[in-house]
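Let me give you the structure first, and then I'll get to my questions.
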Amino acid sequence: MTVKTLTLARGQTQALRAVWLTALAMALVIAQAIAAQARPESFADLAEKISPAVVNITTSTVVAQGTGPSPIVPEGSPFEDFFREFQDRNRDGDRPRRSSALGSGFVISEDGFVVTNNHVIESADEIVIEFFSGQELVAEVIGTDPKTDIALLKVEADEPLPFVSFGDSNTARVGDWVMAMGNPLGQGFSVSAGIVSARNRELSGTYDDYIQTDAAINRGNSGGPLFNMDGQVIGVNTAILSPNGGSIGIGFSMASNVVTRVVDQLQEFGETRRGWLGVRIQDVTEDVAEAIGLEKVAGALVTDVPEGPAAEAGMESGDVIMKFDGFDVEDTRGLVRRVGNTTVGKTVRVVVFREGKTKTLQVTLGRREAAEGVVPAAQIEEETEDQSEATILGMTLSQLNDELRGQLDMGADSTGLVVTDIDQLSEAYEKGMRAGDVITEAGQQKVTGISDLEDRIADAKEAGRKSLLLLVRRAGEPRFVALSLEEKSDE
């Protein structure tokens, strides 16, 4: 009886082992299938599907033909008549000529709206769209946005055009497969593939949000689409980083979530309409946060409040914007993009940190495009009798007078302390302050004389502060600098 029981147990064990091995084999097959799906053997099907919506763009511009430098021939030289006849024969070369440029684009609707880069069609007199089928149509410009380098064109066709749709660029992950299409170096309808190398790249613009990719992008690819594996446009190929002008695997595509907002406004209004808060701001640093008693190093520090929506709502220089329209503000870049994407005329709640407390302001946004070039209103302060010069925190400071205002090209009503000299070993020098800078505030209060600054230093020390926040202007541009109040001993 005992032997029989052992025999059955061994049989069951072998059966279970067989089942386990079968399950393991199936799991390996599934894993291989998933790996094959993640790494496609070919992009041919996808390329065939979306190629009809990708276009080549040729622009034509009339430019004045320069005469170039004239040969220097001494008067009376035997060659004088020869060169005069040569110039007469080539006088027709002074006529204006046409210059052509190439780029890429893609159709986003069956009725003929085409997206490309602004720099592809800028200043063009004629824009010709060439489709994958070989058909050519003349395009008109609906609107452009130089800030994001996006342009919207329109062509008229006899029948509905093939088009592609935008995808959500926020879902693209580093390492995802992508495919670029366009007209590199004038070769026409070229496909390249790669991966998303990085996200949220910033190059030079206020609203930059680039996807970096190693898919080959060259001159002529500008304005072309960057596709995900679902055939959706997640970027517009715009720039490359290259020492020689060719692709080295570092290309940048403007993220589709930026492009779609711009395209929607261009399609509706023919122009962009971005929200405008009306402040000048800088990032909050650790020393700035300590100087004003802010627990978290976050937000956007207001350096100036010119006439505009923020000023009307009561915002002040020195405020730290912590929340905008219900969203936390991490830094200046995030705030600028958030404000720009908010509807013009909308009243939003803005939470600021001021003098150790938070305050909520109601701000009705203006339009940035209408406010470009607005300068801060003059601030009028009465000068008081004061010590004219002193050395404080490693800086030699002088009270503003008419002579210094003239040297610095400042208004007659300007007040503050001018840095006339600075110790190059001082913290102030290390943080970028230089002779000619003007200190207008200390501890978020106006400074008109030496005694004002000394009082602010004393107040900060009494409050237990380790640093003092200064509002400094250079050529009219404001910024905050936090300087340590602790005396450093030599070791």
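Each value in this text was obtained by applying a stated rule to the coordinates, not by laboratory testing. Treat the numbers as computed from the prediction; the structure is a model and nothing was measured. In this analysis, Cβ positions are derived from the backbone assuming ideal geometry, glycine residues included, and neighbour counts consider all displayed protein chains.
Evaluated at 20 °C with a viscosity of 1.002 mPa s, what Stokes-Einstein diffusion coefficient in µm²/s does the range 289-358 have when Rh comes from the Kirkwood expression over alpha-carbon pairs?
171
Rg (Å, one decimal) plus Dmax (Å, integer) for the alpha carbons of the range 222-269?
12.8, 40
Roughly how big is the range 268-378's charge dipole about its Cα centre, with Cβ charges of +1 (Lys, Arg) and -1 (Asp, Glu), in debye to the nearest 20?
Using Cβ point charges on Lys, Arg, Asp and Glu, the range 268-378 gives about 440 debye.
Next question. If Lys and Arg each add +1 and Asp and Glu each add -1, what is the summed charge of the other residues whose beta carbon sits under 15 Å from the beta carbon of Ile217?
In short, 0.
Additional query: Rank-order 219-227, 292-300 by packing density, defined as the average count of other C-beta atoms within 10 Å over each peptide's residues, highest first.
Descending mean neighbour count gives 219-227, 292-300.
For the ranges 120-127, 246-253, what's the packing order if you count other beta-carbon atoms within 10 Å of each residue, average per peptide, and put the highest first?
The peptides rank, most packed first, as 246-253, 120-127.
Seen from all sides and averaged, what is the projected area of the convex hull of the Cα atoms in the range 173-268, in nm²?
Its average projected convex-hull area is 6.3 nm².
Would you mind pulling out the separation of the Cα centroids of the range 141-156 and the range 387-402, in Å?
About 52 Å separates the Cα centre of the range 141-156 from the one of the range 387-402.
For a Förster distance of 22 Å, can you work out the FRET efficiency between the beta-carbons of Lys359 and Gln267, rounded to the nearest 0.05?
Using R0 = 22 Å, I get an efficiency of 0.05.
Starting from the 7 Å offset along Cα-to-Cβ, what nm value, one decimal, do you get for the label separation of Thr391 and Phe132?
Computed distance between label sites Thr391 and Phe132 equals 7.4 nm.
Would you kindly state how much longer the chain becomes between Leu425 and Thr206 on full extension, computed as 0.36 nm times their sequence separation minus their alpha carbon distance, in nm to one decimal?
Working: separation 219, 0.36 × 219 = 78.84 nm, distance 3.43 nm.
That works out to 75.4 nm of additional length.
Still on this structure: In the range 385-416, which GluC sites (Glu not before Pro) are in a loop and have at most 13 other Cβ atoms within 10 Å, using DSSP for the loop call? Kindly include the intermediate steps, with their values, before the conclusion.
Numbers: sites: Glu385, Glu389, Glu403; in loops: Glu385.
Passing sites in the range 385-416 are Glu385.
Let me ask something else. Enter the Cα centre distance for the pair the range 412-478 and the range 297-316, rounded to the nearest angstrom.
20
Return the FRET efficiency for the residue pair Ser242, Lys49: r is the Cβ-Cβ distance, R0 is 30 Å, and the value is rounded to the nearest 0.05.
On the way: r = 30 Å, r/R0 = 1.01.
Taking R0 as 30 Å, the efficiency between Ser242 and Lys49 is 0.50.
What order do you get for 106-114, 471-479 when each peptide is scored by the mean count of other beta carbon atoms within 10 Å, highest first? Mind showing how you got there, number by number?
Working: 106-114: 19.6, 471-479: 17.2.
Answer by packing, highest mean first, reads 106-114, 471-479.
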